[in-house]
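Working notes, structure below.
All of the numbers you see were taken from the coordinates with simple rules; none came from a lab. All values derive from a computational prediction rather than experimental measurement.
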Amino acid sequence: MMRGSKYYGLKVYDLEARYVGQVSDLLLEMERGRVRIKALELKEFRNRGIPYERVYAAGDIVLVK
């Protein structure tokens, strides 16, 4: 498990090692008393969001499918 604040500023790459952007925000969805990460919002590329279901791994960087 990882705190949401630890995502901020992480660089995001796809599985082919191409740079996608940097995390600027987390979009949360609250349903049925639970909170889940809906998407990672990126600083680059017009603040587009990446659905959290596409996150493959997160640590020092974020890998997305």
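Amide H contacts of LEU10: VAL23, each under 5 Å away and 5 or more positions distant or on a separate chain (H built 1.01 Å from N in the peptide plane; Pro and chain starts excluded). Straight-distance candidates among the aspartates and glutamates for linking to LYS43, with alpha-carbon spacing under 18 Å and chain neighbours fewer than 8 residues away dropped: ASP14, ASP25, ASP60.
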